[in-house]
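Report on one structure; see the data block that follows.
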Amino acid sequence: MKLSAISSGLILVVSLAGCKAGKPGGLERSVITGIKHEVTIGGKDWKNPVADTEEAQKEGAEHFQHHCQICHGLDGQNSGVPFALKMSPPVADLASKDVQEYSDGQLKWIIENGIGPSGMPGWKGILEDDEMWKMVRYIRHLPAKGSLGTPAVFKEEAEQHEEMEHEHGAPQKKDEAKPHTHSH
Ligand code: HEC
C-alpha cells in the first residue's frame, strides 16, 4: 500500500515534469502572469512598424540567435540550454501560450526593458528599435522545438561532459546529473 502510494507519487512528479502546463506553483504563476500581462508590462498599444515579411523574420532570427540564444536557445524554446529551467524564474519558453498572448508591443517592451528582478535583461541602447521589432516577428514564427539543435557554446560543454564521464567510466544518465554549480 505504502509502496504504491510512493510510486504513484513518483509517476505524478514525472508526468508533471513532462508537461509544460503543469509547472509547479501553477496558481501562483498564473496570478503573476495575469498581473504581468495587465499591469507591469508596457507597450500594449505599440504597433509593430516592421512588416511581417519572411525577410524581417529572418533578420529577427539572426539577431535573436546572436543575443538571446545563450538563455533561450536557437529556437526560443530553451533547446540545449542546460540551466534554463534552473534559473528562478526559469527562462520562459517563447512558444508558450503565456508569451504568445502578449501583444507585439508588449514583447518589444519586454526586450527593451527586461523583466526585473528576473534574469531577463533589457536591451535598450544595445539593440536598435527595428532590430527588436524584427525579433518580435521571429518570436511569432518560431521553428519547431529542437529543430535548430543546441547552441554551439553548450554543444562543446556537453561533449566535454561526455568525455569526462567516459574517462571516469561513470555510466551516468544525463538527466540524473546533479545541478552544476560551476561557473563558465
Ligand atoms: C541571461 C539570460 C537571458 C537572455 C540573454 C535573454 N533572456 Fe529572455 N528571459 C530570460 C528569463 C529568465 C525569462 C523569464 C522571466 C520571467 O518569467 O519573469 C525570460 C523571458 C523572456 C520573455 C517572456 C517574458 C514573460 O513574461 O514570460 C521574452 C519575450 C524574452 N525573454 C525575450 C528575449 C529576447 C528577445 C532576448 C534577446 C534579445 C532575451 N530574451 C535574452 C532570460 C534571458
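Where a number appears in this text, it was derived from the coordinates with a stated rule and is not lab data. Every value quoted in this text rests on a predicted model; they were computed, and no experiment measured them. Positions of Cβ are backbone-derived with ideal geometry, glycine not excepted, and every protein chain shown enters the neighbour counts.
Note down the magnitude of the dipole of the range 29-169 about its Cα centre, charges +1 on Lys and Arg C-beta and -1 on Asp and Glu C-beta and zero elsewhere, to the nearest 20 debye.
That gives a dipole near 700 debye.
Sort Asp104, Asp75, Asp52 so that the residue with the fewest other Cβ atoms within 10 Å of its own Cβ comes first and the one with the most comes last.
Asp52, Asp104, Asp75
Place a label point 7 angstrom from the Cα of Ile35 along the Cα-to-Cβ direction, then list the residues of the range 78-114 whose backbone nitrogen is under 19 Å away.
Taking a point 7 Å out along Cα→Cβ of Ile35, the residues of the range 78-114 whose backbone N falls under 19 Å are 88-92, 98-99, 102, 110, 114.
Can you list residues whose amide H is under 5 Å from Trp46's amide H, if they're 5+ apart or on another chain and H is modeled 1.01 Å from N?
Gly105
For a quick check of your reading of the filter: which trypsin sites (Lys or Arg not before Pro) in the range 66-158 sit in a DSSP loop and have no more than 15 other Cβ atoms within 10 Å?
In loop regions of the range 66-158 (DSSP not H, G, I, E or B), the sparsely surrounded trypsin sites (Lys or Arg not before Pro) are Lys86, Lys145.
Against the globular-protein guess of 2.2 N^0.38 Å, express the Cα radius of gyration of the range 29-169 as a ratio, rounded to two decimals.
1.13
What distance in nm lies between label points placed 7 Å from Cα along the C-beta direction at His161 and Ser96?
Output for this residue pair reads 2.1 nm.
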